[in-house]
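The structure appears below as structure tokens.
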Amino acid sequence: MVKAIKFCYLISIPLFLAVLLYYYAMLPDQLSLYFEGESSVFNLSKGNFFYSAIGLFILTNGIIIIYRQLAQSQVDQSLIDFADMNRQESLYHWVQGLSLMFNVVYILSIIYIGLFHSKENFDITDYNILVYLGPIFIVLWIFWFFYLLATKK
């Protein structure tokens, strides 16, 4: 499972960049964000959206990479099954999966925002599932964390 998480994480990085660049090219010059329950509109240029997305991606992945670099000497890298790991090793590999989940949330969010602001006439209600999938993945990954804590010594 550890190898699958690492592989998916490594794939999520270029996939994030590809999705961001693709939808950046499709976005209008000005993005309008509406907040439900409020009549206010927040306008954002597509350049600011691009750099904000890159900054958020680098920040979250950077923090997790720094943690993994600091904790790397304290774990056995040869273990690839969670059943064979102790609590600290499980947490170490779980954090990389958390980074994968964040990347998936970012990818799904960019796709949704891109479809919402697309010049094509998409029925955006067909894509509302993209809004819910990200938090569901993160909640499931957090439950996985509690499961690992409960089963490890």
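Say we look at the range 64-78 and pick out the residues that are over 15 Å from ILE13 (Cα atoms) and surrounded by 11 or more Cβ atoms within 10 Å (Cβ to Cβ); which of these is modelled with the highest pLDDT?
Keep residues of the range 64-78 that are over 15 Å from ILE13 (Cα atoms), which gives 66-78.
Next, only the ones that are surrounded by 11 or more Cβ atoms within 10 Å (Cβ to Cβ) stay: 67-68, 71, 75-77.
Values: TYR67: 89, ARG68: 86, ALA71: 82, VAL75: 75, ASP76: 74, GLN77: 71.
Applying the filter and picking the extreme gives TYR67.
Let's see how each residue does on (1) at pLDDT 85 or above; (2) in a strand (DSSP E or B); (3) not hydrophobic (A, V, I, L, M, F, W, C):
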site: SER32; (1), (2), (3): no, yes, yes
site: GLU38; (1), (2), (3): no, no, yes
site: ASN43; (1), (2), (3): no, yes, yes
site: PHE49; (1), (2), (3): yes, no, no
site: SER52; (1), (2), (3): yes, no, yes
Notebook entry, point to check: How many residues, within the range 81-94, are in contact with a His (Cβ under 9 Å, 6 or more places away or on another chain) and aliphatic (A, V, I, L, M)?
Noted result: 1
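Out of the residues in the range 116-153 that are touching a residue at least 60 places away in the same chain (Cβ under 8 Å) and either touching a Lys or Arg at 6+ places or on another chain (Cβ under 6 Å) or part of a helix (DSSP H, G or I) (or both), state the one that is surrounded by the fewest Cβ atoms within 10 Å (Cβ to Cβ).
Within the range 116-153, the subset touching a residue at least 60 places away in the same chain (Cβ under 8 Å) is 117-119, 148-149, 152-153.
So of that shortlist, the ones also either touching a Lys or Arg at 6+ places or on another chain (Cβ under 6 Å) or part of a helix (DSSP H, G or I) (or both) come out as 148-149, 152.
Details: LEU148: 17, LEU149: 12, LYS152: 15.
Result: LEU149.
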Check: Can you name the condition, by its number, that MET101 falls short on among (1) over 28 Å from LEU148 (Cα atoms); (2) in a helix (DSSP H, G or I); (3) touching a residue at least 40 places away in the same chain (Cβ under 8 Å); (4) among the hydrophobic types (A, V, I, L, M, F, W, C)?
Finding: (1)
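The values are calculated or read from the model by the stated rules, or taken from the named source; none is laboratory data. Keep in mind that what you see is a predicted model, and the values were worked out from it rather than measured. FYI the Cβ positions are ideal-geometry reconstructions off the backbone, even for glycines, and counts take in every protein chain you see.
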